[in-house]
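Here's the structure we're looking at; comments come further down.
The values are calculated or read from the model by the stated rules, or taken from the named source; none is laboratory data. These figures come from a predicted structure and were not determined experimentally. So basically every Cβ, Gly included, is an ideal-geometry build from the backbone, and we count neighbours across all protein chains shown.
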Amino acid sequence: MPMKLLSQFSGKLIAFWLTFSGFSGLFSPIPALAAETLTLRLGMVEQDINIQELEQYVETGKLSPNLQSYPTILTAAIRQGLEKHLYVDSQIAQQFLENLFNEQEGKNLLSQLNQALPESNPTRIKATLSLILQTNDKVNIFSFLKAYPQKKLTLDLLALTSIAKQLNQNRFKNILLTSLLEHSLSASDSVKLPNQFSPDQRGKNLVFKQTQFFYDSIRNRAVKTDIYYSVDSRGPLVIMSHGFAADRRFLRYLAFHLASYGLTVVSVEHRGSNINALLTAAQGWQINNLLPASEFIERPKDISFILNELTALNKDNNSEFRGKFNTQKVTIIGHSFGGYTALALAGARLEPSHTRRVCQSLTPLERSPADWLQCAVTKLAYKQMSFRDYRIDRAIVLNPVIGSLFASNLASITIPVLMLSSTEDGITPIIEHQLQPFENLSGEKYLILAHGATHMSATDIIYLNSTMGQSTLVPEVMDEKANPLREMIKGVSLAFIEQSTSFSDQYQPYLSSNYIESFNSKAINFRLTKKLPTTVTALANFLTVNKTPIKSDTSPKPSSWLEESWIAINSLFTPPNFRTESLSSVFGELLDYTDRTFDPWS
């Protein structure tokens, strides 16, 4: 039993050390006696392992006579993990350490690490971590042990298992990456902002709002919309797509703002993935099927259907909306799952076959809610699917769910894209869902990094006391602290949309670091970039090095009839076991907070 437990948690131990390896320069060096022996303690059982022999095993792959007794511990997988190392830029190490231990997770982890190393203390642990990079840029578990000022170390495996269970690796990755981003993405332009007006201020037009129902008889699907418009409508049409378990009112403040400048905004509600769909699934005991795979198809089709309907209304002499919908020049704005919808319509091909391979290798403890949600697409019996709608000529994606959904197909998007990423986003971790996808975009692109903001910070403040706002699953910044982000989004979104109009030169200065950083506050700081620094992309790639590499065919290739039939039939009887249990835990608390009365139209 002790050996079984030890083997089970060795991988977590390695990941833990690698997560904690990037510090330097915060504390003064201490004399390093260099640990020589590691005592593994499991309850009343203790076993000594010579650290030098362990390091030689990692280098050569050969077990010394003294280590021959531990074949169940020193497996090939453990050796591979022990071989890993991390190079950390000393310029960001201090910032990383400060960021980490200012977070509650860091404080808790330090306390737990002290329990796992019972002969240590927090000050010595911090000092050792700091000392590592002062003597060696190559950081791994052995560099920590060699720097620790004690000849013999005891590692309590029971305490370590507690750490492994609670360790949120996505959070620590975010902290490490955020430290580098803060250092790398400093203001790089000197654009002078005009004094005449600021695009975050309300426009002059009186805004009207009207709810319209549409019915797609081909898909037997009702689509509800809110239309925001003014008497003197002009410019591109703006379409909004909400996230999973949200609704069409999610970005209400932004819709009113854009309409006050004469733009017509249509916010679409996706019936199969809104908050009412979540409630319906729960009431019907379908908690393991919260997000039907069909929603990855129906959402983009909802938008294209609405554009067709608006085109007809635009030409109808009896319609009060005649002439108000410029459906040939459309900017789509999507939040979270709506970000997926926007990018699919912008030209990125959905690739369920790739996502299927990724999801089969998912480790539950290391996955975010968005990682689990994207795995719902694996039930689709297709290799690739395209929903490109050429009426979409710009896309704004706020905290988008991307992950492995498009493989490398984001490169096929040629229209301009503006992306928002929040460093404290616990739903869509920024590396896999924003930073790496942003690098894959090939056209004109802007990335806004909101340090201190969360997944829901972009929402209308009316949601503060809602189901989503009250859930403690992931702490959210949605109150007045998020106001600077909302104001920034209003101004930047307007400036971005106006780039496709005759007012482009007037609004161009507001797509600048000077303007973005003018909204910096105590709670949230902003950075703007058109290209990530190589140091950031290198670290992001390193932190995801163990994940399935993204590969894609250059053009869609249909699955064979036999393969598609097998996937479809198999999915009826064997729901993917790599996602269902997690979805229950992720959204169970959300349902506890929810008023279960709902609008049957939605």
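Brief remarks on what is shown
- Residue match in the range 334-348 (condition: farther than 25 Å from residue 459 by Cα and polar (S, T, N, Q)): no
- Of all residues assigned to the range 325-337, none qualifies as being more than 21 Å from residue 439 (Cβ to Cβ), basic (Lys, Arg) and outside any loop (DSSP other than H, G, I, E, B).
- Among the residues here, residue 253 does not qualify as assigned to a loop (DSSP other than H, G, I, E, B) and in contact with a helix residue (DSSP H, G or I) (Cβ under 9 Å, 6 or more places away or on another chain).
- Flag for residue 544 being closer than 25 Å to residue 406 by Cβ, modelled with pLDDT of 85 or more and surrounded by fewer than 21 Cβ atoms within 10 Å (Cβ to Cβ): no
- Residues of the range 358-390 that are outside any helix (DSSP H, G or I), at pLDDT 85 or above and over 24 Å from residue 438 (Cβ atoms): 380, 381, 382, 383.
Yes/no per residue for (1) within 23 Å of the chain's Cα centre (by Cα); (2) assigned to a strand (DSSP E or B):
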| residue | (1), (2) |
| --- | --- |
| 227 | no, yes |
| 258 | no, no |
| 261 | no, no |
| 276 | no, no |
| 296 | yes, no |
| 302 | no, no |
| 310 | no, no |
| 320 | no, no |
| 323 | no, no |
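- When 490, 481 are screened for being more than 23 Å from residue 259 (Cα to Cα) and in the same structural domain as residue 338 (by TED's automatic domain parsing), only 481 passes.
- Pairs, first closer than 15 Å to residue 520 by Cβ in the range 183-197, second modelled with pLDDT under 85, C-beta under 9 Å, six or more apart: 185/536
- Within the option set 342, 312, being hydrophobic (A, V, I, L, M, F, W, C) and under 25 Å from residue 231 (Cα atoms) holds for one residue only, 312.
- Which listed residue, of 401, 397, is of a type in the set (A, V, I, L, M, F, W, C), buried (at least 24 other Cβ atoms within 10 Å of the Cβ), in a loop (DSSP other than H, G, I, E, B) and at pLDDT 95 or above: 401
- Options 355, 428, 414: the member that is modelled with pLDDT of 95 or more and among the β-branched types (Val, Ile, Thr): 414
- Long-range neighbours under 8 Å by Cβ, at least six apart or interchain, first residue at positive phi within the range 259-275, second at pLDDT 95 or above: 262/203; 262/205; 262/230
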